[in-house]
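Heads up: the structure comes next, in structure tokens.
The values are calculated or read from the model by the stated rules, or taken from the named source; none is laboratory data. Everything quoted here is computed from the prediction, not taken from an experiment. Reconstructed Cβ throughout: ideal geometry from the backbone, glycine too, with neighbour counts over all protein chains shown. Ligands, DNA and RNA are excluded from the accessible area calculation, which covers all protein heavy atoms including side chains. Shrake-Rupley method; radii C 1.70, N 1.55, O 1.52, S 1.80 Å.
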Amino acid sequence: MKKASTIGILGLGLFGTSVASTLTSNNVDVMVMDKNINHLEEVIDEVSLAVQGDFTKLDQLSEAGFGDCDEVVIASAERLEDSILAILNLKKLDVPKITVKTKNKDYEEVLLKVGATRVILPEVEMGQQVAMMLANPTVHELMKLDSNYNIIEFPTKTTWIGKTIDAIDFRKNYELNIIAIQTAGTTDFSIEFGPEYMVSKGDTLIGITTDLGMRKLS
């Protein structure tokens, strides 16, 4: 019987190793494959299965059990041909979700056409994230949810002090939904607050907003 939430990682460069380690720290069942035994040794004590092999070979993927994964991430295929072969192999194994990392934007359409569920360009996405933070200096942290929405952490504006969340009307004025507040002088965020909460000097807020709303906070 297939295990729930099993994710395979093919290729253990910096990106693949980071994904594998982060998933396991979040209690996700992870299995990995890489040609380089040294790469495998970096995560072998963390993951449920570490296999030395060539993920462009269908038999090696099958024997290792990657067909039982709920999703597989092709994390470090340097050549387009390797990514395509890996996708085709995973499709033959009926893997339902296939995420592919690529450095080349021109490859995205090809990878999607041959069966990738999602294509990511980490350098491009990180560049966009850093640029948004630089362009919006009030934003402390930023997580891009999709092409339009972000989770942001930001300090209290002087004009908000002494006003309630309801009176500030974050939704109307900033296209922003407040989801957590760290009150001044504390170290933890709380989600236990209502529209009557009065914003104080030194408060830090976390919210979900659009790109436009984030610019309004600057």
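Of all residues in region 48-64, those satisfying the criterion of being surrounded by fewer than 17 Cβ atoms within 10 Å (Cβ to Cβ) and in contact with a Gly (Cβ under 9 Å, 6 or more places away or on another chain) are L49, Q60, E63.
Number of residues in region 3-16 that are over 16 Å from A86 (Cβ atoms) and open to solvent by 20 Å² or more (accessible area, probe 1.4 Å) equals 4.
Of all the residues that make up region 19-38, how many are modelled with pLDDT of 90 or more and over 19 Å from K97 (Cα atoms)? Here the count works out to 6. Residues in region 42-57 that are touching a residue at least 12 places away in the same chain (Cβ under 8 Å) and either small (G, A, S) or over 17 Å from S76 (Cα atoms) (or both): 6 in all.
Any idea which of (1) farther than 22 Å from V114 by Cβ; (2) part of a loop (DSSP other than H, G, I, E, B); (3) under 17 Å from the mean Cα position of the chain (by Cα) is the one D45 doesn't satisfy? D45 satisfies every listed condition except (3).
With respect to the stated conditions, L88 fails to be modelled with pLDDT of 95 or more, of a type outside the set (D, E, K, R), in a helix (DSSP H, G or I) and closer than 19 Å to V19 by Cβ.
You will find that of D70, D34, D45, the residue that is acidic (D, E) and buried (at least 17 other Cβ atoms within 10 Å of the Cβ) is D34 and no other.
Pairs meeting the criteria (first residue in region 186-199 and closer than 20 Å to R171 by Cα, second residue in a loop (DSSP other than H, G, I, E, B) and open to solvent by 60 Å² or more (accessible area, probe 1.4 Å), beta carbons under 7 Å, at least 6 apart or on different chains) are M198/K163; V199/I161; V199/K163. The set of residues in region 167-218 being hydroxyl-bearing (S, T, Y), touching an Asp or Glu at 6+ places or on another chain (Cβ under 6 Å) and more than 16 Å from T156 (Cβ to Cβ) consists of T210 alone. Before we move on, is V95 touching a strand residue (DSSP E or B) at 6+ places or on another chain (Cβ under 9 Å), crowded, with 19+ Cβ neighbours inside 10 Å, not in a strand (DSSP E or B) and not aromatic (F, W, Y)? Yes. Take region 17-41 and flag every residue that is part of a helix (DSSP H, G or I), under 21 Å from D82 (Cβ atoms) and in contact (Cβ under 8 Å) with a residue 24 or more places away in the chain. Residues satisfying the conditions are T17, V19, A20, H39, L40.
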